[in-house]
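Take a look at the structure below.
Read-outs: derived from the displayed coordinates by stated rules, not from any lab. What you see is a predicted model, and the numbers here were worked out from it, not measured in a lab. Cβ atoms come from the backbone with ideal geometry, glycine included; neighbour counts cover every protein chain shown.
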Amino acid sequence: MRRSDRKQDEPDLGVLAGRTLFALQRELFAKLAEQGHPELRPRHGAVLAYLDEEGSRATDLAAQSGQHKQVIGTLVDELVALGYVERQPDPADRRAKLIVPTEKALDHMTKSDAIIAAMEAAHARAVGEQAYAEFKRVFKLVAERQTGTAE
């Protein structure tokens, strides 16, 4: 059996996770574009998915997203130019900067949360509420174990 056939018939965790992520991103960003956010790309999720409403430090965004701080800096520059975030002094440490969402980002975050919730609800209806809840519980455990964040 060719490797590509095996990966198609018996996909491993990486293949399944990748397929799921890319399909989720395609649907999410297509719907966000329809709802007023056409300039955003999946790469911006490394900032926006982890951004606190009151602001976050770039180092925290890097740690949470698994991206290098330099990548986060580039993404923040793009998001500043697009009007989604601002850099402001951190009140807890004036030498540090907070990445703070603008109203545009808060709108995006609200819409993104609603779109993801609807996608999850559709999956739960398709496979059954209990099965989906168990899938998420186990997938979370696997993700935590893989990333070294398991308790």
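Mind sorting Arg57, Arg19 by how few other Cβ atoms lie within 10 Å of their own Cβ, fewest first?
Lowest count first: Arg19, Arg57.
Pulled fully out, how much extra length does the chain show between Leu24 and Asp12, if you take 0.36 nm times their separation in residues and subtract their Cα-Cα distance?
2.5 nm
Using amide H atoms built 1.01 Å from N in the peptide plane, name the residues 5+ places from Leu98, or on other chains, whose amide H lies under 5 Å from its own.
Gln88, Asp90
Let me know the number of lysine pairs in the chain closer than 28 Å at the Cα, not counting same-chain pairs under 8 apart.
So the count of such lysine pairs works out to 13.
If we count other beta carbons within 10 Å of each Cβ, what is the order of Val76, Val47, Val100, fewest first?
The fewest-first ordering by Cβ neighbours comes to Val100, Val76, Val47.
Once Rh is set to the Kirkwood radius over Cα pairs, what Stokes-Einstein translational diffusion coefficient, in µm²/s, holds for the stretch 58-148 at a temperature of 37 °C and a viscosity of 0.692 mPa s?
Value of D from the Cα-based Kirkwood radius: 207 µm²/s.
How do His44, His123 line up, fewest other C-beta atoms within 10 Å first?
Going from sparsest to densest Cβ surroundings: His123, His44.
Extension gain Phe135-Val80, at 0.36 nm per residue separation less the Cα-Cα distance, in nm?
Stretched fully, the Phe135-Val80 segment lengthens by 16.1 nm.
For the stretch 1-97, count all C-alpha to C-alpha pairs, find those more than 16 Å apart, and express that count as a whole percent of the total.
For the stretch 1-97, the fraction of Cα-Cα distances above 16 Å is 65 percent.
Determine, from the Cβ-Cβ distance of Ala126 and Gln88 and an R0 of 41 Å, the FRET efficiency 1/(1 + (r/R0)^6), rounded to the nearest 0.05.
According to the calculation, E is roughly 0.45.
Calculated FRET efficiency, Glu34 and Thr59, Cβ-Cβ r, R0 22 Å, to nearest 0.05?
0.05
Report the one residue of Leu13, Ser65, Val47 whose Cα lies farthest in the direction of the positive end of the charge dipole of the chain (charges on C-beta: Lys and Arg +1, Asp and Glu -1; origin at the Cα centre).
Result: Leu13.
Along the charge dipole of the chain, Cβ charges K/R +1 and D/E -1, which of Pro38, Leu141, Tyr84 sits furthest on the positive end?
Farthest towards the positive pole: Leu141.
Counting other Cβ atoms within 10 Å of each Cβ, which GluC sites (Glu not before Pro) in the stretch 17-46 have at most 16 and sit in a DSSP loop?
When the GluC sites (Glu not before Pro) of the stretch 17-46 are filtered for loop state and at most 16 Cβ neighbours within 10 Å, Glu39 remain.
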